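Enquirer: Supplied in structure tokens, the structure appears directly below.
The values are calculated or read from the model by the stated rules, or taken from the named source; none is laboratory data. No experiment lies behind these values; they were computed from the predicted model shown. Reconstructed Cβ throughout: ideal geometry from the backbone, glycine too, with neighbour counts over all protein chains shown. The accessibility values were calculated without ligands, DNA or RNA, using every heavy atom of the protein model including side chains. Shrake-Rupley method; radii C 1.70, N 1.55, O 1.52, S 1.80 Å.
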Amino acid sequence: MYFKWKDEYCTGIEAIDNQHRHLMEIGSKIFDLAYADDGCDHYDEIMEVLGELKDYTVYHFGYEEELMVRYGYERYEPHKFQHFFLTKKIEKFEEEKQEIDDRQKDTILKLAEFLSDWVTNHILKEDMLYKDFFKSKGM
Ligand SMILES: [Fe+2]
Ligand SMILES: [Fe+2]
């Protein structure tokens with residue numbers, strides 16, 4: 001199941017947990033549209049939600065990075081690099097839009113699956129590392 005919220009994703013920092021939840025809500029809309037059994041082609045809507053997912057991801061990454069700078073988090077650079085990697089990956093995908101038009105849904109779904117795996121893995125491995133640090137700063 002992609003973009004499905006699990007309790008283990010909780011950092012205990014409310015603003016961040018809410019943002020992670022919202023990210024997953026947007027992401028799961030892609031799969032709802034792709035697998036909608038209504039005989040309609042939802043390609044344009046899927047691309048729109050993908051854009052929404054990208055914008056919110058960029059917002060969320062910026063939010064985390066701003067906190068890291070504010071509190072002097074020691075893993076700021078490697079964490080920021082992971083965010084940068086994903087943002088570039090999405091941008092590259094957008095540049096190859098012609099290919100997307102040709103192969104349509106399969107390509108989008110592959111990207112959405114990749115994003116889901118990446119985001120959940122990033123939350124569990126990298127975001128969890130700042131949990132205690134931010135809590136100690138009163139977050
Ligand atoms: Fe995050
Ligand atoms: Fe992060």
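Enquirer: For the chain, with only Lys/Arg (+1) and Asp/Glu (-1) charged at the beta-carbon, what is the dipole magnitude about the Cα centre, in debye rounded to 20?
Expert: 760
Enquirer: Now, a different point. Per residue, how many Å² of accessible area does the range 1-126 show with a 1.4 Å probe?
Expert: In whole numbers, the range 1-126 has 57 Å² accessible per residue.
Enquirer: Under a point spin-label approximation (7 Å from Cα along Cα-to-Cβ), what is the Thr107-Asp132 distance to one decimal in nm?
Expert: The answer from the label model is 4.5 nm.
Enquirer: So, one more: With charges only on Cβ, +1 for K and R and -1 for D and E, what is the dipole size of the range 69-139 about its Cα centre, in debye, rounded to 20?
Expert: About 480 debye.
Enquirer: Once fully extended, how much extra length lies between Tyr63 and Thr87, figured as 0.36 nm per residue of separation less the alpha-carbon to alpha-carbon distance?
Expert: 7.2 nm
Enquirer: Still on this structure: Pull up the cross-link candidates among the aspartates and glutamates for Lys29, meaning alpha carbon to alpha carbon under 18 Å and not fewer than 8 places away within one chain.
Expert: Asp37, Asp38, Asp41, Asp44, Glu45, Glu48, Glu52, Asp55, Asp106, Glu113, Asp117
Enquirer: Order these peptides, 63-74, 41-52, 20-31, by their mean beta-carbon neighbour count within 10 angstrom, highest first.
Expert: Descending packing order for the listed peptides: 20-31, 41-52, 63-74.
Enquirer: OK, next. Would you mind telling me the share, in percent, of accessible area of the chain contributed by carbon and sulfur at probe 1.4 angstrom?
Expert: So the carbon and sulfur contribution to the accessible surface is 50 percent.
Enquirer: Return the ratio Rg/(2.2 N^0.38 Å) for the range 12-136, where Rg is computed over Cα atoms only.
Expert: That works out to 1.16 for the range 12-136.
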